[in-house]
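Please read the structure below before turning to the comments.
Every number here is computed from the coordinates shown, using simple stated rules; none is lab data. Predicted, not measured: the structure shown is a model, and the values here were computed from it. A quick note on method: Cβ atoms are made from the backbone with ideal geometry, for glycine too, and the neighbour counts reach across all protein chains shown.
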Ligand SMILES: [Zn+2]
């Protein structure tokens with residue numbers, strides 16, 4: 001009897017394990033089926049290591065890549081290279097490329113019919129939010145410089161332009177793969193010394209945490225000696241400035257003083273609040289997190305951290321989204337790159353819903369920062385350099401290597417309900433940001449606004 005009982009227990013245990021295992025398999029099958037199918041060893045879907053069906057289109061319906069005995073890209077070189085980090089390469093070396101990330105969706109996989117019905121000849125259409133024409137204009141505006149341009153609609157989250165240079169050219173694979181960093185999506189996957197564009201975050205902290213901020217002023221003599229004997233320097237004497245004027249002229253000495261007054265805890269708290277230290281999941285593609293070290297052993301390090309130098313490293317995509325949040329009064333739409341999938345006959349499969357970030361900036365602070373970023377343009381960068389655009393911005397000129405020219409930055413947004421665009425641009429060794437990156441941004445925004453974004 002005892003023996004029978006123990007056998008029954010063993011049988012019951014094995015049956016339970018079988019049931020549990022079956023449920024686990026079904027759960028994982030539902031969730032990961034498309035990824036299993038897309039595994040490169042599945043020869044049914046791959047020819048010489050390339051996914052062998054589907055098309056990738058831009059937001060206007062222009063086919064950016066299609067499979068036809070190998071992947072074929074756009075004939076126009078600037079359009080091809082400016083969209084490659086979104087479209088991807090057949091070899092999968094561009095980690096953010098749709099050909100790699102969405103392979104399971106492109107091959108027409110269906111949970112119940114597998115890929116049998118709609119493989120090879122009948123792959124799916126993947127419609128990205130990218131505009132190939134605006135992207136080409138951005139790529140040309142970078143004019144051969146190493147750099148990046150990002151533009152997105154902060155009300156819908158759609159990324160219109162995600163351009164990185166240098167870029168891999170699939171039509172000249174051998175020669176272009178030798179270019180240093182041609183596969184890297186700098187906008188999404190990298191982080192850089194931000195220079196003065198970080199002063200937007202320090203300004204947000206100052207507005208909320210500095211006592212009597214409306215009456216606050218600082219006299220800049222061109223350099224400020226810190227308590228530990230080191231100096232913070234400006235490019236010239238700025239004289240007496242308010243917080244708004246300090247941002248307008250980008251006074252390092254004033255922002256050094258503010259950073260020390262606020263202290264490391266507050267600066268860290270606002271860097272986190274701004275979303276810079278988090279990553280975004282762009283239809284499953286993760287952006288890089290920005291990193292800071294505000295714990296610096298001395299006051300000079302802390303001052304430079306609040307100025308955007310020192311050990312600060314910022315992800316361009318997160319900075320662009322933060323600017324979108326300022327424009328939206330606190331929360332921005334989360335960035336996305338996939339508009340929808342459809343069958344080649346046009347029937348739509350998936351429409352993505354707009355998702356929003358947390359509150360990255362308090363609404364009243366966003367209003368004040370918007371005013372400050374507008375006077376940056378009116379008083380410093382010059383409205384005539386941005387004809388017809390109600391642009392709010394901050395430039396940066398980041399010193400990375402003393403033997404080289406600084407990196408130029410320009411970030412901000414259009415304060416315009418008809419054209420709700422946020423943007424960021426970095427031109428490596430471009431020098432003064434408002435001139436180098438600012439000029440690129442004007443060119444790109446003129447094209448985007450012209451096209452109705
Ligand atoms: Zn100054």
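In the chain, the longest principal axis of the Cα atoms and the axis of helix 252-262 are about 70 degrees apart.
Computing FRET efficiency as 1/(1 + (r/R0)^6) for residue 210 and residue 359, where r is the C-beta to C-beta distance and R0 is 22 Å, gives about 0.60.
Residue separation of residue 22 and residue 236 scaled by 0.36 nm, minus their Cα-Cα distance, works out to 69.9 nm of gained length. Counting alpha carbon pairs within less than 8 Å and at least 6 residues apart, what relative contact order, in whole percent, applies to the chain? The value is 15 percent. Working value for the stretch 362-443: equivalent-ellipsoid semi-axes of 24, 14, 11 Å, each the square root of 5 times a Cα gyration tensor eigenvalue, largest first.
One equal scatterer on each Cα of the chain, no solvent, Debye formula: the resulting log10 I(q)/I(0) at q = 0.07, 0.08, 0.10, 0.13 Å⁻¹ is -0.41, -0.51, -0.73, -1.09. Summary of the geometry: the stretch 360-429 and the stretch 249-282, compared by the centres of their Cα atoms, lie 17 Å apart. Given R₀ = 45 Å, what would the calculated FRET efficiency be for residue 416 paired with residue 14, taking r from the Cβ atoms and rounding to 0.05? Step by step, r from the Cβ atoms, then E = 0.10.
Going from the fewest other Cβ atoms within 10 Å to the most, the residues 354, 241, 149 appear in the order 354, 241, 149. Helix 264-273 versus the longest principal axis of the chain: what angle, 0 to 90°, nearest 10, using Cα atoms? Rounded to the nearest ten degrees, it is 50. Across the stretch 350-453, the relative contact order, built from alpha-carbon pairs under 8 Å that are at least six residues apart, equals 20 percent. Just to confirm the number: angle between the C-alpha axis of helix 2-37 and the first principal axis of the chain, 0 to 90 degrees, nearest 10? Approximately 60 degrees, to the nearest ten. Across the stretch 147-217, the mean sequence separation of Cα contacts (distance under 8 Å, 6 or more residues apart), normalised by length, yields a relative contact order of 21 percent.
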